[in-house]
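One structure is given here, and the rest of the page talks about it.
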Amino acid sequence: MFSTIFFIILVVVSIIFSALISVADFRRRIIPDVYLWPLMLSGLIIVAWFPWICTFRDAAAGAAIGYALAYFVGWLFEKIRHSQNDAYPPIGMGDIKLIAVGGLWLGLANIGYALILACILGGVWGALRHRRYIPFAPFFIIGGFLTLITNLILL
């Protein structure tokens with residue numbers, strides 16, 4: 001009984017901070033750490049106490065690989081496409097840390113699915129709205145939740 005209530009509280013807290021991250025990225029083009037840390041902490045607790053999606057080792061590997069991959073892609077985009085006139089880099093550190101948190105929640109096997117969904121959703125949104133800047137966080141969060149829900153259904 002207690003574990004179910006605790007789990008529900010963690011999920012609600014995660015949804016609230018995910019929404020705050022999405023709003024912040026849309027409005028200010030920044031993902032504050034004050035919103036990322038509770039999302040990371042709730043993910044750590046869920047993976048440690050409720051390992052139904054992935055093991056703790058898989059979650060740690062997902063976070064490390066997600067961070068490294070996002071950092072490399074951000075570095076590569078900055079070297080290739082970033083002009084000196086742009087005020088913002090193509091991929092910010094908040095996005096990189098968010099992908100690491102997503103890797104923690106989803107594990108190594110599922111982080112790729114969330115990233116693919118996020119890129120498709122963000123690309124379609126950007127094309128329909130003719131935007132130069134696409135806030136990645138909302139689409140990554142949607143992709144992560146869809147991946148999580150799909151895995152829960154398939155369990």
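Only the coordinates and a few stated rules stand behind these numbers; no lab work does. Remember, predicted model here, so these are calculated numbers, not experimental data. Cβ placement follows ideal geometry from the backbone for every residue including glycine, while neighbour counts extend to all protein chains displayed.
Here are a few things to note about the model shown:
- Helical content alone sets the calculated 222 nm signal of the chain at -28000 deg cm²/dmol, taking -39,500 (n - 2.57) per DSSP H segment of four or more residues and averaging over every residue.
- Value of relative contact order over the chain, rounded to a whole percent, pairs C-alpha under 8 Å and six or more apart: 26
- Simple Cβ-charge dipole of the chain, Lys/Arg +1 and Asp/Glu -1, about Cα centre, in debye nearest 20: 380
- A simple packing score, the average count of other Cβ atoms within 10 Å per residue, orders the peptides 40-52, 13-25 as 13-25, 40-52, with the highest score first.
- Volume of the Cα convex hull of region 1-73, divided per residue and given in Å³: 90
- For region 55-155, the C-alpha radius of gyration divided by 2.2 N^0.38 Å, with N the number of residues, is 1.12.
- Between TRP125 and THR55, the C-beta separation translates, for a Förster distance of 35 Å, into a calculated FRET efficiency of about 0.55.
- Which of TYR133, TYR35 has the fewest Cβ neighbours within 10 Å, and the rest in rising order: TYR133, TYR35
- Taking the centroid of alpha carbons for each part, region 77-155 and region 37-55 are 20 Å apart.
- Under Karplus coefficients 6.51, -1.76 and 1.60, residue-wise ³J(HN,Hα) of region 127-134 in Hz, glycine/proline x: 5, 5, 9, 6, 9, 7, 9, 10
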